[in-house]
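Below is one structure, written out as structure tokens; comments come after it.
The values are calculated or read from the model by the stated rules, or taken from the named source; none is laboratory data. Just so we're clear, the structure is a prediction, and the values are computed from it rather than from any experiment. We place every Cβ from the backbone using ideal geometry, glycine too, and count neighbours over all the protein chains shown.
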């Protein structure tokens, strides 16, 4: 008896065209193109473990992007960290905290040139 553990999504012609456009667009990051390919390969009926190998990602990552696409459509394939931060911020009271500027460190030239410590400020 054959049991299909994970049914693939069926895409409309418009959804298919939108995802294919993302895979070839020079206006989106390569990561977004890869995420679109993951959804397209899944819609073609490929196994998730094979998709992971083709995309160069882990199996849980394939699941992540399929869930995001199912929940948010193509918009879910963009800005993974930013969307997650916004959702977290909304869950914590409806506003995001201001990001702090990263700490600045002096340039150490001794490591670069094998010399004694010369720290610039």
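Structural remarks
- When the residues of the stretch 40-98 are filtered to those that are surrounded by 13 or more Cβ atoms within 10 Å (Cβ to Cβ) and on the phi > 0 side of the Ramachandran plot, the one that is modelled with the lowest pLDDT is 79.
- Pairs where the first residue, in the stretch 25-36, is free of Cβ contacts under 8 Å to residues at least 24 places away in the same chain and the second is surrounded by 18 or more Cβ atoms within 10 Å (Cβ to Cβ) and in a helix (DSSP H, G or I), C-beta under 6 Å, 6+ apart: 33/22
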